[in-house]
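The values are calculated or read from the model by the stated rules, or taken from the named source; none is laboratory data. The model shown is predicted, which means the values in this text are computed figures rather than measured ones. As a convention, Cβ positions derive from the backbone with ideal geometry for all residues, glycine included, and neighbour counts pool all protein chains shown.
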Amino acid sequence: MNILITNDDGIDAPGLCALENALMSLGHNAITIAPQSQYSECSHQINTKRYLELKMAGASRHSLNGSPADCVRIGLFTHKQPIDLICSGINAGGNLGVDVYYSGTVAAAREALIHGIPAIAFSNYLEHDQAVNWDHASKAIAHNFEFLLSLISKKTILNVNFPSKLDPWQEVPWIQAPLEKAPLPLAFEKHQDSWRYTGSYPDRIKTVGSDVDVCFSGKISITQIPLVHH
């Protein structure tokens with residue numbers, strides 16, 4: 001299987017390396033095109049007015065001075081072989097509920113779907129800025145990748161969120177759940193004429209059975225997100 005890998009945390013992000021390791025350990029033909037710098041919370045930004053520079057960053061690895069969606073567009077246009085699947089992540093932080101509309105990680109998967117390519121977005125929720133055990137996340141993907149492949153389609157993004165404490169050797173349930181509809185808490189701190197967001201992510205609303213509820217309760221949430229909501 002030919003897989004294009006990208007993210008929004010940049011080419012040097014440990015989560016990207018963890019995703020690459022997971023997929024290559026399974027013998028897939030993987031190529032990486034990721035932003036050369038941080039593009040978190042860029043949503044579905046694309047660049048159509050300037051040149052995008054693609055640079056080698058290792059064997060089958062490239063950086064691009066563009067957004068995650070740009071990386072997908074360039075990858076689909078330049079790769080000589082057809083891309084069977086696009087995987088984005090692993091994001092350092094959750095992409096749950098309405099977050100998916102802000103996320104560059106999920107936007108890369110959405111861009112794939114626009115072009116008729118199945119896509120999976122991976123994120124790891126962080127509670128109170130704790131560190132991610134990237135090896136655990138990588139192993140969880142590798143051990144369950146065939147299961148994820150059974151769920152992919154050309155009509156929906158597969159959005160996967162790992163809980164803050166993940167042990168791939170335990171039977172952590174994978175639960176299909178809808179997106180949380182409640183918005184992030186509106187809280188801002190004022191400094192002179194400026195405002196800074198201070199909302200607490202762990203304190204957000206978590207409707208029972210939603211992806212936020214599932215992930216916050218220590219399970220792995222899987223959400224099928226259509227390209228267009230009816």
Checking Ile175 against (1) in contact with a helix residue (DSSP H, G or I) (Cβ under 7 Å, 6 or more places away or on another chain); (2) outside any strand (DSSP E or B), the condition it does not meet: (2)
Pair list, Cβ under 8 Å, 6 or more apart: the stretch 17-37 residue in contact (Cβ under 8 Å) with a residue 60 or more places away in the chain and over 20 Å from Ala109 (Cβ atoms), other residue assigned to a helix (DSSP H, G or I) and of a type in the set (A, V, I, L, M): Ser25/Ala142
Residue in the stretch 23-44 that is assigned to a loop (DSSP other than H, G, I, E, B), in contact with a Gly (Cβ under 9 Å, 6 or more places away or on another chain), over 21 Å from Trp134 (Cβ atoms) and hydroxyl-bearing (Ser, Thr, Tyr) present: yes
Filter result for Leu54 (touching a strand residue (DSSP E or B) at 6+ places or on another chain (Cβ under 6 Å) and surrounded by 20 or more Cβ atoms within 10 Å (Cβ to Cβ)): no
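Tell me which residues, restricted to the stretch 179-208, are touching a strand residue (DSSP E or B) at 6+ places or on another chain (Cβ under 9 Å) and within 20 Å of Asn91 (Cβ to Cβ). Lay out the reasoning, then the answer.
Going through the stretch 179-208, the residues touching a strand residue (DSSP E or B) at 6+ places or on another chain (Cβ under 9 Å) turn out to be 179, 184, 186-190, 195-199, 201.
Hits for the stretch 179-208 are Leu179, Leu184, Tyr197, Gly199, Tyr201.
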Residue that is surrounded by the most Cβ atoms within 10 Å (Cβ to Cβ), among those in the stretch 63-85 that are under 15 Å from Pro35 (Cα atoms), of a type in the set (A, V, I, L, M, F, W, C) and under 16 Å from the mean Cα position of the chain (by Cα): Cys71
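For the stretch 111-130, what are the residues that are more than 18 Å from Ser217 (Cα to Cα) and either in contact with an Asp or Glu (Cβ under 7 Å, 6 or more places away or on another chain) or surrounded by fewer than 24 Cβ atoms within 10 Å (Cβ to Cβ) (or both)? First the steps, then the outcome.
Going through the stretch 111-130, the residues more than 18 Å from Ser217 (Cα to Cα) turn out to be 111-121.
Scanning the stretch 111-130 gives Leu113, Ile114, His115, Gly116, Ile117, Pro118.
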Search result, residues across the stretch 108-150 that are of a type in the set (A, V, I, L, M), closer than 23 Å to Ile205 by Cα and at pLDDT 95 or above: Ala121
Unmet criterion (only one of (1) under 13 Å from the mean Cα position of the chain (by Cα); (2) closer than 19 Å to Asn124 by Cβ) for His44: (2)
Verdict on Arg50 being in contact (Cβ under 8 Å) with a residue 12 or more places away in the chain and not small (Gly, Ala, Ser): no
Selection count where residues are within 12 Å of Cys71 (Cα to Cα) and surrounded by fewer than 23 Cβ atoms within 10 Å (Cβ to Cβ), scope the stretch 1-36: 4
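If you scan the stretch 63-114, which residues turn out to be in a helix (DSSP H, G or I) and of a type in the set (Phe, Trp, Tyr)?
From the stretch 63-114, those in a helix (DSSP H, G or I) are 68-78, 97-101, 104-114; that's our starting set.
Once the filter is applied, which keeps residues that are in a helix (DSSP H, G or I) and of a type in the set (Phe, Trp, Tyr), the stretch 63-114 yields Phe77, Tyr101.
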Any hit, the stretch 131-152, residues being in a loop (DSSP other than H, G, I, E, B), over 17 Å from the mean Cα position of the chain (by Cα), in contact (Cβ under 8 Å) with a residue 24 or more places away in the chain and buried (at least 19 other Cβ atoms within 10 Å of the Cβ): no
Residues of the stretch 203-227 classified as within 25 Å of Ala109 (Cβ to Cβ), loosely packed, with under 14 Cβ neighbours inside 10 Å and over 19 Å from the mean Cα position of the chain (by Cα), total: 2
